[in-house]
Amino acid sequence: MPRIKLNAPPENQQQRRDTIGLRSVVKYDPMAPRPTTPVMVGQYVVARRPLSDSIYTLYMILDGATIVRTQISYPSEDDCASAVQRHRTAQAASMAEKTIAKAKTRRAQPPVAEVA
């Protein structure tokens, strides 16, 4: 029994312009300048710094001007959120300790007598 041939046009035969070929080869040039501008990952700012003499880039997660965490791989939004939350929690805890210590030192000092 012969097979029935369908002469319908193929649907997914358009060439895509936004991808590179499957077998394409890209040469790494260590002398080429690499980007150092900050990147937004979700709502978080991530600075990047190329590491000298290597192909890696150091990504620094920022909370304001403070570096909260550094890593080699590109951070996800969850990485940034957990790092910033951990930093803010530690900052609040240290501020509470400082406030308690300051209150204890005030209480330990004798009252100053007023001179009239």
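Read-outs throughout are calculated quantities, based only on the coordinates presented, and are distinct from any laboratory measurement. Here the structure is a predicted model, which is why all the values come from computation and not from measurement. Reconstructed Cβ throughout: ideal geometry from the backbone, glycine too, with neighbour counts over all protein chains shown.
Assorted remarks:
- Of the residues making up region 27-58, those that are more than 14 Å from Ala81 (Cα to Cα) and touching a Phe, Trp or Tyr at 6+ places or on another chain (Cβ under 6 Å) number 1.
- If you check Pro35, Pro30 for being loosely packed, with under 12 Cβ neighbours inside 10 Å and more than 19 Å from the chain's Cα centre (by Cα), only one passes: Pro30.
Here is a yes/no grid of residues against (1) touching a Ser or Thr at 6+ places or on another chain (Cβ under 6 Å); (2) surrounded by 11 or more Cβ atoms within 10 Å (Cβ to Cβ); (3) among the β-branched types (Val, Ile, Thr); (4) farther than 17 Å from Arg34 by Cβ:
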residue	(1), (2), (3), (4)
Arg48	yes, yes, no, no
Leu51	no, yes, no, no
Ala65	no, no, no, yes
Val68	no, yes, yes, yes
Ser76	no, yes, no, yes
Cys80	no, yes, no, yes
Arg86	no, yes, no, yes
Ala90	no, yes, no, yes
Ser94	no, no, no, yes
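- Residue satisfying all of: in region 45-72; part of a loop (DSSP other than H, G, I, E, B) and closer than 20 Å to Pro30 by Cβ; nearest to the chain's Cα centre (by Cα) among these: Ile72
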